[in-house]
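Peer 1: There's a structure below that I have some questions on.
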Amino acid sequence: MDADAKPLPLEQQLSWRLHRLGKLTDAATAAAYAGELGLGVAEARALAAIGAFEPLSVNDLAAHAHLDKAQASRAAQMLVERGSVIKAPSETDARAVVLRLSRPGRALHARALRLIDRRNREIMGCLGAAERRQLLGLVDRLIAHAVPRRPGGSGGDTP
């Protein structure tokens, strides 16, 4: 890109558009999480991340669920209190705990994944199959490009 080029108007910026799309989808998804699962967005993201990547520490949960550490801790605690998540001592760090889904948590996780899948299908329903594949490929490419690089060329630790 040309460093001297005139900046695009705000509403044409990629980050602005992605944020807008995210907010639009979050609003609809939040209502579904609350109505169908009895969960807020942070708890649903935590549940999805624990189910996908368990066992997780709270710090790892924060990274995988794209929550700050305080949000991840509160979401995990709520899921533990609800009986959806089991908190156990870490086998590698006596000061840490790891989070795993309980049996009821696995059932709730399966319901959450169906809800997420349904919502994604609704959002991308205006695109043809080839457009969906192309969009997802381009988004993956942008994510890979945007991930902070560590010295030595490896990617950052945020999924």
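All of the numbers you see were taken from the coordinates with simple rules; none came from a lab. Model, not experiment: these values are computed from the prediction. Here Cβ is always computed from backbone atoms with ideal geometry, including for glycine, and neighbour counts include all displayed protein chains.
Peer 1: Taking the chain as a Gaussian network, where each spring joins two C-alpha atoms under 10 Å apart, which residue of Leu113, Leu39, Leu142 fluctuates the most?
Peer 2: Leu142
Peer 1: Starting from the Cα coordinates of segment 21-146, work out the convex hull volume and express it per residue in Å³.
Peer 2: 123
Peer 1: Give me the extension gain from Ala110 to Ala31: residue separation times 0.36 nm, minus the current Cα-Cα distance, reported in nm with one decimal.
Peer 2: Additional length available on full extension: 26.7 nm.
Peer 1: Can you give the log10 of the normalised intensity I(q)/I(0) at q = 0.17, 0.22, 0.26 Å⁻¹, computed with Debye over equal Cα scatterers of segment 66-127?
Peer 2: -0.73, -0.96, -1.08
Peer 1: Arrange Glu43, Glu122 by Cβ neighbour counts within 10 Å, fewest through most, would you?
Peer 2: The order, fewest Cβ neighbours first, is Glu122, Glu43.
Peer 1: Would you mind ranking Asp60, Asp117, Asp4 by Cβ crowding within 10 Å, fewest neighbours first?
Peer 2: Sorted ascending by nearby Cβ count, the order is Asp4, Asp117, Asp60.
Peer 1: Sorted from fewest to most neighbouring beta carbons within 10 Å, what does the list Arg114, Arg74 look like?
Peer 2: Least crowded to most crowded, the residues run Arg114, Arg74.
Peer 1: R0 = 41 Å: FRET efficiency of Ala144 with Glu122, Cβ-based, nearest 0.05?
Peer 2: Computed FRET efficiency for Ala144 and Glu122 comes out at 0.95.
Peer 1: Can you give me the long-range amide H partners of Val98? Hydrogens built in the peptide plane at 1.01 Å from N, cutoff under 5 Å, separation of 5 or more residues or another chain.
Peer 2: Ala88, Ser90
Peer 1: Now a separate question. Compare the Cα positions of Ala130, His19, Leu108 along the charge dipole of the chain (+1 at Cβ of Lys, Arg; -1 at Cβ of Asp, Glu; about the Cα centre) and return the one farthest towards the positive end.
Peer 2: Towards the positive end, the residue furthest out is Leu108.
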